[in-house]
Amino acid sequence: MSTESTYPAEPGTEPYTPQPHLPEPHTHGEVQGRKAGVVIASTRAAAGIYEDETGPVIIDWLTEHGFEAYPAMVVPDGEPVGAAIRALLTQHPAVVITSGGTGLSPDDRTPDVTLPLLDREIPGIMEAIRREGAAKTPLAALSRGHAGAARQTFIINLPGSPKGVMDGLSVLDPLIGHLCDQLEGGHGH
């Protein structure tokens, strides 16, 4: 049986022939060539007391997603984290991911130094990350991290544990390309 229409044509016109639907090339969510920075908040790792475990996880994730990642900056907790984020922002990356310093200890100040840098918060992302983490540990509710935009740069504070980082990155997996597109002015949905 033919897939062509059998409707008679109007005089002077061709019969209707359905055209195969060809999908548009999919470019939505592409991050190729976008820059990304990583800041690890850990006084002990910055002092060389132990080796940072979350920076390599984040760098691998960024690379797998097509970002050009700067080397991770490992800095002491507190204001050095804010200084590192501000330094990265001068390079206009698409993404800055921090790890560590999001808890309740007196020196856990990553959210406090991040918030003033954000033009807009994106609370739904942190809600989703806390929900994902809470399915595995009730301690996820104690993370005070922020997610938001500093102009066209997406900034997110992830916990300092490798498992917490992986939970956060799994939430970002389906969002990161679209998020970058929108921050750069794209309106595709």
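The values are calculated or read from the model by the stated rules, or taken from the named source; none is laboratory data. Small disclaimer: the values here were computed from a predicted structure and weren't measured. FYI the Cβ positions are ideal-geometry reconstructions off the backbone, even for glycines, and counts take in every protein chain you see. To get the accessible areas, we keep the full protein, side chains included, count just its heavy atoms, and leave off ligands, DNA and RNA. Shrake-Rupley method; radii C 1.70, N 1.55, O 1.52, S 1.80 Å.
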When segment 56-70 is checked residue by residue, the ones that are under 24 Å from E184 (Cβ atoms) and either assigned to a loop (DSSP other than H, G, I, E, B) or touching a residue at least 24 places away in the same chain (Cβ under 8 Å) (or both) are I58, W61, L62, H65, G66, F67, E68, A69, Y70
Restricting to segment 33-53, name every residue that is under 24 Å from F154 (Cα atoms), assigned to a loop (DSSP other than H, G, I, E, B) and more than 14 Å from the chain's Cα centre (by Cα). G33, S42, D52, E53
Sole exception among (1) part of a helix (DSSP H, G or I); (2) free of Cβ contacts under 8 Å to residues at least 24 places away in the same chain for V165, by number: (2)
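Restricted to segment 86-97, and to residues that are open to solvent by 20 Å² or more (accessible area, probe 1.4 Å) and part of a loop (DSSP other than H, G, I, E, B), which residue is nearest to Q182 (Cα to Cα)?
Result: H92.
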Scope segment 136-175; condition under 15 Å from the mean Cα position of the chain (by Cα) and of a type in the set (G, A, S); matching residues: G145, A147, G148, A149, A150, G164, G168, S170
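Would you say Y7 is modelled with pLDDT under 95 and out of contact with any Cys (no Cβ under 8 Å at 6 or more places or on another chain)?
Details: modelled with pLDDT under 95: yes; out of contact with any Cys (no Cβ under 8 Å at 6 or more places or on another chain): yes.
Against the criterion (modelled with pLDDT under 95 and out of contact with any Cys (no Cβ under 8 Å at 6 or more places or on another chain)), Y7 qualifies.
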Residues within segment 151-183 that are of a type in the set (G, A, S) and either more than 21 Å from D108 (Cβ to Cβ) or open to solvent by 70 Å² or more (accessible area, probe 1.4 Å) (or both), tallied: 2
Residues of segment 98-150 being free of Cβ contacts under 8 Å to residues at least 40 places away in the same chain, under 18 Å from L183 (Cβ atoms), part of a helix (DSSP H, G or I) and open to solvent by 10 Å² or more (accessible area, probe 1.4 Å), which ones? L115, L117, P123, G124
